[in-house]
1. Work out, step by step, the length gained on full extension between A:ASN51 and A:THR100: first 0.36 nm times the residue separation, then minus their alpha carbon distance; give nm to one decimal.
2. Using the beta-carbon distance between B:ASP5 and B:LEU134 and R0 = 41 Å, what value does 1/(1 + (r/R0)^6) give for FRET efficiency, to the nearest 0.05?
3. On a 0 to 90 degree scale, rounded to 10, what angle separates helix A:101-125 from the longest Cα axis of chain A?
4. Which far-off residues, 5 or more places away or on another chain, put their amide H under 5 Å from the one on A:ARG94, with H placed in the peptide plane?
5. Once the whole set of protein chains is in place, how much accessible area is left on A:TYR130, using a 1.4 Å probe, in Å² to the nearest 10?
6. Sort A:ILE62, A:ILE86 by heavy-atom solvent-accessible area, probe 1.4 angstrom, most to least.
7. Which net charge results when you count Lys and Arg as +1 and Asp and Glu as -1 among the other residues whose beta-carbon is under 15 Å from that of B:ILE62?
8. Sorted by accessible area with a 1.4 angstrom probe, largest first, how do B:THR21, B:THR127 fall?
Number of protein chains: 2
Amino acid sequence: MSCSDLSGARRCACGNLRRTTRSITQFYDQFLLKSGLRSPQFSLLLNISLNENISVGELGSILLMDQTTVTRNIEMLKKNGYVTIIKDPADARRKTISITESGADKLAESMPLWEQAQSQIEKGLGTERYRDFLKTLKDITQLVQ
Amino acid sequence: MSCSDLSGARRCACGNLRRTTRSITQFYDQFLLKSGLRSPQFSLLLNISLNENISVGELGSILLMDQTTVTRNIEMLKKNGYVTIIKDPADARRKTISITESGADKLAESMPLWEQAQSQIEKGLGTERYRDFLKTLKDITQLVQ
DNA sequence: AAATAATATATGTATATACATATATCGATT
DNA sequence: AATCGATATATGTATATACATATATTATTT
């Protein structure tokens, strides 16, 4: 007897999210190509820019990314000179991450490229549906936390 | 002058999808833990089960995954004895992938674990909203292809 | 103040992913 | 049949990701 309905798992939230994420990442990366950034680094650099002097752990909390992954991904940004990583004088365990001028330039350069990709998605879905979509992503995130 | 509205990129479809995907993957993985499969392998094994004698490239097309990634991920399944990979007699370039009895058992074992994770998402969102969500993921996928 | 618990980051290891390119095979053209 | 283009898979390399654990530092407890 092995008549379990495997086919039902086609509706898997995780599998469907992973597939769409693979696909959309390549899409955004095509636009970002000229900047030399790719989606994950663009996102990381953006959040560093929006949260000056943020720590590794706090970045992880915002991005829902393991702290060890943050540690490794900011190394790449540092290697390219886009961020500085310094010990917090008030707490030597902590490191504070800041965007450099070069990093801010790179981010500014990639914004219009990002905007091109983004507008295709938003226009394709329509404003309202896009808003609902972001809300659903947020709700899923809270369901699984 | 650097007053570009970086903050607008918080609505990035790619970034938001990637974040939610990281998060939900860990959620499903917790449930699947007992089976020894993790989300990507569960998904891969499922699709192999649903498409007997599928090729590497066809799997990539279904999963929107690069062919080289499929090649490497099925190696893991093969190493665990969950699939067989044999040359297509009709076309020696092609390889056909099939689930083994052991793989089918493993999949059957993981289905109720998957169902637990899945039902929390579907119940949390509600049936209708969940259906809309899958539709939107599909539409995004088509927008970026 | 010393010992212990808690916290922040880093390292070792493994999987997931894709791009550029190589290799093998097939199909079509001559 | 030999050549050439197309197709299927594999390999080299690099980034993305997380878990288990180590290390360093701070905070708490005795």
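1. Working: separation 49, 0.36 × 49 = 17.64 nm, distance 1.29 nm.
Extra length available between A:ASN51 and A:THR100 comes to 16.4 nm.
2. Working: r = 32 Å, r/R0 = 0.77.
About 0.80, to the nearest 0.05.
3. Approximately 20 degrees, to the nearest ten.
4. Excluding prolines and chain starts, which carry no amide H, the hits are A:ASP88.
5. 10 Å²
6. Values: A:ILE62 65, A:ILE86 90 Å².
Heavy-atom accessible area, descending, gives A:ILE86, A:ILE62.
7. Working: positive: A:ARG10, A:ARG11, A:ARG18, A:ARG19, A:ARG22, B:LYS138; negative: B:GLU52, B:GLU58, B:ASP66.
Here the count lands on +3.
8. On the way: B:THR21 10, B:THR127 105 Å².
Highest to lowest solvent-accessible surface, that is B:THR127, B:THR21.
The values are calculated or read from the model by the stated rules, or taken from the named source; none is laboratory data. As the structure is a computational prediction, the values presented were derived from the model and not from experiment. A quick note on method: Cβ atoms are made from the backbone with ideal geometry, for glycine too, and the neighbour counts reach across all protein chains shown. In case anyone asks, the SASA skips ligands and DNA or RNA and just uses the protein heavy atoms, side chains included. Shrake-Rupley method; radii C 1.70, N 1.55, O 1.52, S 1.80 Å.
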